[in-house]
Amino acid sequence: MKKTIVSLAAMMFMGIAMNAQTENILFIEDCGTGPYKAEMVSDESLPTHTIYRPQDIDAAVKAQGKLPVILYANGACVNNNVEMRYLLNEVASYGYIAIAIGPYDERDVNEQWKGVLKSAYPSTKEICMLANGEIVTPPTAEEIAARQAAEQARREAAAKAAASQKKSKKNAAPQPAPFRTYPKQMLEAMDWITEQNANPASEYYHCIDLDNVVAMGQSCGGAQTLAIAYDPRVKTVVMLNTGIGDMEMQGATKSALENLHTPIFYLIGGPVDVAYGNSAKDFERINHLPIVMINTLDGHSGTYYETHGGPYAVAVRKWLDWQLKGKISNS
């Protein structure tokens, strides 16, 4: 097949359908730039996830047809979707429903991103600006030295702890699980929205386009995405700052690439992105279906911290408009 590269709390099922019950609503930025103002909500019947959707679902369906579905898995496989809040909200404002792993969370996105960007400022990026206009500057020499010292201290402490554990396994403290989420949560979200679409008592009744579903993940969430991308309900896959390469993570290995059955889109932050090498290997190995890769100079954090998710949100939306709505435009 032709390749294209561009430089640049689990749902509980008890034998009956559970009615959707919106609990919390949060309006992000100006609710998106799309034709349908978006909102972020939680639902009592799916407490393990957060939903991004048009505020007026009926109006959006009347104007464009049923809403395609985005199943999203988080970077670091963490149990919150703060990192992608601006992007998911922005895409939802163009007539999509996104169901992201992680419970409803009202934390300050800009405050969260300052630490992330400061700790891994991309050398190729001239300026990092948060959605509120605040500029994040590169770390100073003193800050870099302090970070390196802290990392060295952490390694020494870890080595000391490992040596102590080896001497006395009986007294070793139990190690926490490396991740708090799992790939099947994406399919649980798919099962939930399928139930809601068929339930006359649900606000989503006959409003969801179950034939047009994307599995999308960032970083570690990309491994979770590959682990479930075999599902026939998935129509396209989006890999953000991620790639499996020769790794084994979240139940996915390079063999998972053979199970892909839909077009796949890689959006990578260039050579300074830690996922760059793995994504390049994936690109070379996927030969049985259409694949597109875009590389930018934004590093592993993309532009998710920028207003409306920045250019990465535009790229994702363009891909979804094409793959799930059959739309190609310059707007």
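The values are calculated or read from the model by the stated rules, or taken from the named source; none is laboratory data. Treat the numbers as computed from the prediction; the structure is a model and nothing was measured. So basically every Cβ, Gly included, is an ideal-geometry build from the backbone, and we count neighbours across all protein chains shown. Ligands, DNA and RNA are stripped out before the accessible areas are found, and what is left, the full protein with its side chains, is counted by its heavy atoms. Shrake-Rupley method; radii C 1.70, N 1.55, O 1.52, S 1.80 Å.
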Residue list for segment 60-89, restricted to those being open to solvent by 20 Å² or more (accessible area, probe 1.4 Å) and under 20 Å from E29 (Cα atoms):
N80, E83
Identify the residue in segment 256-268 that is closer than 16 Å to V213 by Cβ and touching a strand residue (DSSP E or B) at 6+ places or on another chain (Cβ under 9 Å) and, among all such residues, is most open to solvent (accessible area, probe 1.4 Å).
P263
Regarding G326, is this residue over 18 Å from the mean Cα position of the chain (by Cα), modelled with pLDDT of 95 or more and surrounded by fewer than 24 Cβ atoms within 10 Å (Cβ to Cβ)?
yes
Among (1) out of contact with any Leu (no Cβ under 8 Å at 6 or more places or on another chain); (2) closer than 23 Å to I144 by Cβ, there is one condition K125 misses while meeting the rest; what is its number?
(1)
Which members of segment 185-212 meet the condition of being assigned to a loop (DSSP other than H, G, I, E, B) and closer than 24 Å to R317 by Cα?
Y204, H206, C207
Going through segment 244-255 one residue at a time, which ones are open to solvent by 10 Å² or more (accessible area, probe 1.4 Å), within 21 Å of L71 (Cβ to Cβ) and either touching a Lys or Arg at 6+ places or on another chain (Cβ under 7 Å) or outside any loop (DSSP other than H, G, I, E, B) (or both)?
M249
Being open to solvent by 10 Å² or more (accessible area, probe 1.4 Å) and not in a loop (DSSP other than H, G, I, E, B), is that true of even one residue in segment 225-243?
yes
Can you list residue pairs whose Cβ atoms sit under 7 Å apart, with the first residue in segment 293-310 being assigned to a helix (DSSP H, G or I) and the second being open to solvent by 10 Å² or more (accessible area, probe 1.4 Å) and small (G, A, S)? Count only pairs 6 or more apart in sequence or on different chains.
T307/A131
